[in-house]
Amino acid sequence: MTVLPIIVAPDPRLKIKAKPVDAVDDDVRQLMDDMLDSMYAAQGIGLAAPQVGDDRRVIVVDVSRENEDPQPMFLANPQIVGVSDDDREHEEGCLSLPEHYAAVVRPDQVRIRYLDRDNEICEIDAEGILATCIQHEIDHLDGILFVDRVSALKRNMILRKLQKAKKLAAQPA
Ligand code: GNR
Ligand code: NI
């Protein structure tokens, strides 16, 4: 059980384009497990490797509710291979933008191709919160945060507040 610290914006490590893994081996599985521990510890429903300072294309997701059995998903090299015509707007949050929320419009349904924890190629159709979450995580792998998908006014307001909080936290008492 390893809980890794989650990087908070603004930070250049959240802006990188992550690199595909060659295969899901023991090393990648270790990363997936540490990410899942870190995600649960932070009470998130998804986490992407760049948020813990790793530049591989790996995400973990669990959108089960608190009163349900956990449903962890492990995805390496996730790719959107199909999207619905209809969109959905969802209030998004991000562990790298703590305490900030904004409505983001994305396709309601997506088909995702990925390598699972056993290095098998899988394809799933996702909709609703699962579709939103997986798209949010794939964005992280491309250096995109949800604030990049809202108005410049909202984006700058959120990023300025986070920048200010960092500066204050860095001040000696
Ligand atoms: O925990 C999270 N909740 C969430 C809510 C709406 C849309 C996306 C998310 S993902 C977020 C965790 C996170 O920052 N993943 O990158
Ligand atoms: Ni996020």
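Looking at Arg13, Arg29, Arg65, can you tell me which residue is within 16 Å of ligand 2 (Cβ to nearest atom) and basic (Lys, Arg)? So the residue among Arg13, Arg29, Arg65 that is within 16 Å of ligand 2 (Cβ to nearest atom) and basic (Lys, Arg) is Arg13. Based on what the data block shows, is Asn67 more than 9 Å from ligand 1 (Cβ to nearest atom), modelled with pLDDT under 95 and either surrounded by fewer than 19 Cβ atoms within 10 Å (Cβ to Cβ) or not in a loop (DSSP other than H, G, I, E, B) (or both)? So Asn67 passes the test.
Residue by residue, here is whether (1) closer than 25 Å to Ile6 by Cβ; (2) among the acidic types (Asp, Glu) holds:
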residue: Gly82; (1), (2): no, no
residue: Val110; (1), (2): yes, no
residue: Asp116; (1), (2): yes, yes
residue: Glu120; (1), (2): no, yes
residue: Ile144; (1), (2): yes, no
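Just one of (1) among the β-branched types (Val, Ile, Thr); (2) within 14 Å of ligand 2 (Cβ to nearest atom); (3) farther than 29 Å from Arg155 by Cα fails for Val24. It is (2).
Counted as qualifying within the range 91-130 are the strands (runs of 3 or more DSSP E) with 2 or more residues that are more than 13 Å from Ile80 (Cα to Cα), namely 102-107. Determine, yes or no, whether Ala9 is surrounded by fewer than 14 Cβ atoms within 10 Å (Cβ to Cβ) and either among the hydrophobic types (A, V, I, L, M, F, W, C) or at pLDDT below 95 (or both). In short, no.
Does any residue of the range 75-82 turn out to be within 16 Å of ligand 2 (Cβ to nearest atom), in a strand (DSSP E or B) and surrounded by fewer than 13 Cβ atoms within 10 Å (Cβ to Cβ)? Taking every residue of the range 75-82 in turn, none turns out to be within 16 Å of ligand 2 (Cβ to nearest atom), in a strand (DSSP E or B) and surrounded by fewer than 13 Cβ atoms within 10 Å (Cβ to Cβ).
Scanning the range 145-159 for residues that are in a helix (DSSP H, G or I) and within 13 Å of ligand 2 (Cβ to nearest atom) returns Phe146, Val147, Asp148, Arg149, Ile158. Looking only at residues of the range 89-107 that are among the acidic types (Asp, Glu) and farther than 20 Å from Ala41 by Cα, we find that the one that is nearest to ligand 1 (Cβ to nearest atom) is Glu91. Scan the range 39-53 for residues that are more than 12 Å from ligand 2 (Cβ to nearest atom) and touching a helix residue (DSSP H, G or I) at 6+ places or on another chain (Cβ under 6 Å) and the total you get is 1. Would you check if Val110 is surrounded by 15 or more Cβ atoms within 10 Å (Cβ to Cβ), under 15 Å from Gly93 (Cβ atoms), among the β-branched types (Val, Ile, Thr) and away from ligand 1 (no atom under 11 Å from the Cβ)? No: the conditions fail for Val110. You will find that of Ile158, Ile134, the residue that is farther than 25 Å from Asp86 by Cα, within 16 Å of ligand 1 (Cβ to nearest atom) and in contact (Cβ under 8 Å) with a residue 40 or more places away in the chain is Ile158 and no other.
The values are calculated or read from the model by the stated rules, or taken from the named source; none is laboratory data. As the structure is a computational prediction, the values presented were derived from the model and not from experiment. Counting neighbours? That spans all protein chains shown, and the Cβs are built from the backbone with ideal geometry, glycine included.
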